[in-house]
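Heads up, the thing below is written out as structure tokens.
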Amino acid sequence: MLRADLIVQEMSRNVFDKLTSLLTDLERAGISYDLAHNRDEAITVNVAVPGERWEVEFLDDGSVEVERFVSNGEISGDEMLSQLFARYAGSADQEMESSEDIEVVSAA
């Protein structure tokens, strides 16, 4: 096996270890989560806690990206759903508007 192949294999194992370690920690803490595959090169752990949503992405290069969404505490009625569809229907490629409530942290 080539040295480069061994390095890639080691990085893959390390990121898998990080993923399974996080899942174990979440389960032990009783924190709700689900898994998603939204990017070809990543597995995402979506974590839901009161007032916050976390997206933790484990990338095939061995890195981990964490994005945190914090609620402003404002509760709206179902009339807000029309805004959801007006802004995003038919535009899956459209980038999300930036928000001050998003914090991106890279944990390599």
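What follows is calculated from the coordinates using simple rules that are stated; it is not laboratory data. These numbers come from a predicted model, not from an experiment. Cβ sites come from the backbone with ideal geometry, for glycine too, and all protein chains shown count toward neighbours.
Applying 0.36 nm per residue to the separation of Asp60 and Gln83 and subtracting their alpha-carbon distance, the gain on full extension is 4.8 nm.
In nm, to one decimal, how far is the modelled label at Ser76 from the one at Ala48, with both set 7 Å along Cα→Cβ? For Ser76 paired with Ala48, the spin-label model returns 1.9 nm.
Computed from the Kirkwood radius of its Cα pairs, the Stokes-Einstein diffusion coefficient for the range 27-82 at 20 °C and 1.002 mPa s stands at 164 µm²/s.
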